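Here the structure comes first, spelled out in structure tokens, and everything after it is commentary.
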Amino acid sequence: MSWLLRPLAEQAAALRTGQVTSTALVEEALGRIAQLDGALGAFLRVTVDLARRQAAEADRRLAVEGEGAPDLCGIPVAIKDVLCTEGVETTAASRILAGFVPPYTATAVRRLAEAGAVSLGKCNCDEFAMGSSTENSAYQLTRNPHAPDRVPGGSSGGSAAAVAAGLAPAALGTDTGGSIRQPAALCGVVGFKPTYGRVSRYGLIAFASSLDQVGPFTRTGGDAARIYRTIAGPDPRDATCSPRPVEDPMPTLELGLEGLRLGVPAEYVASGLEPGVQRVFEAACQRLVAAGAQLEPVSLPSTRYALAAYYVIAPAEASSNLARMDGLRFGPGRPGAVTLREQLEGARHLGFGPEVRRRIMLGTYALSRGYYDAYYRRAQQVRTLVAQDFHRAFAGVDAIIAPTSPTVAFRLGERLSDPLAMYQSDVLTVPFSLAGVPAASVPAGLADGLPVGLQVAAPAFADAHCLRVARGVERALGVAEPPDLARRAAP
Amino acid sequence: MILHAVDELQGADTNGIDPTLQVGDPGTPTRPDAVEPCLSVDRALAGAPSHEAGFLRVAAIQ
């Protein structure tokens, strides 16, 4: 089996005994990308030379530091293209940023690099992370490694597909309303959205600043904890990044589920789930009980308004954030424009895709005088109600579990012409985002051969606890098998 | 169509509920107010489609 399909701890141990080198891991990854990614489309660009240089450097560091080297030293990783990488084109999958080479690196990416991780390249996503299928990328489709006629989810679909197909053992994604958890669920891998403010957003091309959070995709819960503890923590370059010290998730990771009270929100399982998803979730619940967890119903009544609140707040923030995309300072701009107005309008007209335009218009409308109170202010009040629901629920349980997505991966093109159907993909992930709490998606099983994810959420800043519960769920349900495509590929 | 969908919000009882103005830790952490090197003009302009003499060059403002 490919090294890239094994847990990070195994790869790290083999790197230290000399059983494998970082250069060999990276060549394996580059070989698998060459073999599989033409059909999958997970990567927008593969930084071959940079990866080889970083791998050689990691091998030197491992030789010098040995056991003292950080546990990610020499491990290949993939990066969602909304995270800036100095010297490497970063487009957020948008035409308006075509050719943009950032002069600085995002903090989360820099922390991985400082730990010796090797960046393989930049992963496809929905344009500016707006979408739930990665079909809004201006550049290419990404296919689900479990079923090539289906979406990988989104917006971090390229990162999820890369890990699922074993092109990289780990990837960074970002989650605004479910953009890590939903694609993780649809691709059958682990995805973790930390507490809002736990990972710096410096160098992350902003979508909705009060919701965006960087987090990992991995094959296992333990791997997610390893990436998380490397990227989390205070950053003077992001004022919304919490100054609290990070609790290391590793010491408590294997404590299991025995005696834990897990809340199951009645509103999330009552209706709207595909029968296959419902079946897998119920079977998973039984196994969690067998593993010693106690399931208790909880109520999150305001979550019925959460999706509507999210689709006011996120576009409102996006309309403001994207105002900076003027085509004057970076990107292709609007060559040949005679007036400044033509230049600005032309750059934005040529540069933004239909979903981004839709959200800018929606957000601008919601913030406009006369509508602000009815939409934006009310949505922010509903956000308070949603957060209060979670606060009450967490007073009685140790964590909340729910399905991650109401459906399995849908077919490419199926929801593209119906934005409301696409938005429904986020109905089970958005409430946790509004509340700012940490939430993971862990593979729960297959429905008709397609992965179903189980979401685990914990109170704000209880990220280590959230990862412990996610790992406990994973132990109870078993680590998901990679898709056939990943197993069949040459190592 | 989307506005109609988000009109659901009008059904929520928000009487006396404060809007969420900040998520996570209250307050804003500060850092030492020290002078540090910043992006050079050349690097800041490196991605601009058009620039001249250290400035962005734009079409006529009319």
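Just so it is clear, none of the values below were taken in a lab; they were calculated from the coordinates. Worth saying up front: this structure is predicted, and the values here are computed from it rather than measured. We place every Cβ from the backbone using ideal geometry, glycine too, and count neighbours over all the protein chains shown.
Only loop residues by DSSP count here, and only those with at most 16 other Cβ atoms within 10 Å; note down the chymotrypsin sites (Phe, Trp or Tyr not before Pro) in the range A:97-138 that meet that.
Numbers: sites: A:Phe100, A:Tyr104, A:Phe128; in loops: A:Phe100, A:Tyr104.
Filter output for the range A:97-138: A:Tyr104.
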Going by amide H atoms built from the backbone, whose H comes under 5 Å of the H on A:Ser137, apart from near neighbours? A:Glu127
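Ignore the peptide's own chain and count Cβ atoms of other chains within 10 Å of each Cβ in A:335-341; give me the average, rounded. Don't skip to the answer; put the middle values down first.
On the way: counts 2, 1, 3, 3, 5, 5, 4.
Average per residue, whole number: 3.
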Between B:Ile61 and A:Arg341, what is the label-to-label distance in nm when each label sits 7 Å out along the Cα-to-Cβ direction? 1.4
Pull up all non-local amide H partners of A:Ala444: gap of 5 or more, or a different chain, and H-to-H distance under 5 Å with H placed in the peptide plane. A:Val452, A:Gly453, A:Leu454
Please work out the Cα center distance from the range B:2-54 to the range A:422-482, rounded to the nearest Å. 28
So who's got an amide H within less than 5 Å of the one on A:Leu44, skipping anything under 5 residues away but keeping other chains? H placed 1.01 Å off N, in plane. A:Lys122, A:Cys123, A:Asn124
What Kirkwood hydrodynamic radius do you get for the range A:343-416 when you take the inverse of the mean 1/r over all pairs of distinct Cα atoms, in Å? 16.5
What number, rounded to the nearest 500 deg cm²/dmol, is the helix-based mean residue ellipticity at 222 nm of chain B, given -39500 (n - 2.57) per DSSP H run of at least four residues and division by all its residues? -3000 deg cm²/dmol
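Quick check on packing: order B:24-33, A:418-427, A:158-167 by the mean number of other C-beta atoms within 10 Å, highest mean leading. Please list the in-between numbers first.
Details: B:24-33: 10.7, A:418-427: 18.8, A:158-167: 34.3.
The most tightly packed comes first, giving A:158-167, A:418-427, B:24-33.
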What nm value, rounded to one decimal, do you get for the distance between A:Ala283 and A:Met361 when each label is placed 7 Å out toward the C-beta? 4.5
If we sort A:398-406, B:35-43 on the protection proxy, mean other Cβ atoms within 10 Å, highest first, what's the order? A:398-406, B:35-43
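Can you put A:Thr174, A:Thr429 in order of Cβ neighbours within 10 angstrom, beginning with the fewest? Before the final figure, lay out each step's value.
Details: A:Thr174 28, A:Thr429 32.
So the ranking, lowest neighbour count to highest, is A:Thr174, A:Thr429.
Cβ under 15 Å from A:Phe330's Cβ, A:Phe330 left aside: what net charge do those residues give with Lys, Arg +1 and Asp, Glu -1?
Numbers: positive: A:Arg95, A:Arg324, A:Arg329, A:Arg334, A:Arg348, B:Arg43, B:Arg57; negative: A:Asp81, A:Glu86, A:Glu89, A:Asp326, B:Asp42.
Net charge around A:Phe330: +2.
Given the Cα atoms of the range A:304-381, and with Rh set as the inverse mean 1/r over their pairs in the Kirkwood sense, what is Rg to Rh to two decimals? Provide the component values of the computation, followed by the final result.
Details: Rg = 14.8 Å, Rh = 13.5 Å.
The Rg/Rh ratio comes out at 1.09.
Can you list which of the trypsin sites (Lys or Arg not before Pro) found in the range A:332-422 are DSSP loop residues with at most 13 other C-beta atoms within 10 Å?
Numbers: sites: A:Arg341, A:Arg348, A:Arg357, A:Arg358, A:Arg359, A:Arg369, A:Arg377, A:Arg378, A:Arg383, A:Arg392, A:Arg411, A:Arg415; in loops: A:Arg369, A:Arg415.
Qualifying residues, ordered by number: A:Arg369.
Over the whole of A:436-442, what's the average partner chain Cβ count within 10 Å per residue? Rounded to a whole number, please.
Details: counts 4, 2, 0, 0, 0, 0, 0.
Other-chain Cβ atoms within 10 Å of each residue's Cβ, averaged: 1.
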J(HN,Hα) series, the range A:401-412, from Karplus relation 6.51 cos²θ - 1.76 cosθ + 1.60, nearest Hz, glycine and proline x: 10, 6, x, 7, 9, x, 9, 7, 4, 8, 6, 3
To make sure I understand, if each residue's beta carbon is the centre and we count other beta carbons within 10 Å, what order do A:Val264, A:Val77 fall in, fewest to most? A:Val264, A:Val77
Karplus-derived HN-Hα couplings along the range A:260-266 (A = 6.51, B = -1.76, C = 1.60, θ = phi - 60°), whole Hz, x at Gly and Pro: 7, 9, 10, x, 10, x, 4
Read phi for every residue in the range A:67-84 and hand back ³J(HN,Hα) as whole Hz from Karplus 6.51 cos²θ - 1.76 cosθ + 1.60, θ = phi - 60°, with x for Gly and Pro. 4, x, 5, x, 5, 8, 4, x, 7, x, 9, 10, 10, 4, 6, 8, 9, 5
For the range A:379-449, using Cα atoms only, the Rg and Dmax in Å read 14.8, 42
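According to the Cα gyration tensor, what semi-axes, each the square root of 5 times an eigenvalue, does the equivalent ellipsoid of the protein assembly as shown have, listed from largest to smallest in whole Å?
Working: eigenvalues 213, 190, 99 Å².
Taking √(5λ) for each Cα gyration eigenvalue gives 33, 31, 22 Å.
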Show that you can apply the helix-only estimate: for chain A, add -39,500 (n - 2.57) for every DSSP H stretch of four or more residues, divide by all residues, and state [θ] at 222 nm to the nearest 500. -12000 deg cm²/dmol
Arrange the peptides B:50-58, A:237-245 so that the one whose residues have, on average, the most other Cβ atoms within 10 Å appears first. A:237-245, B:50-58
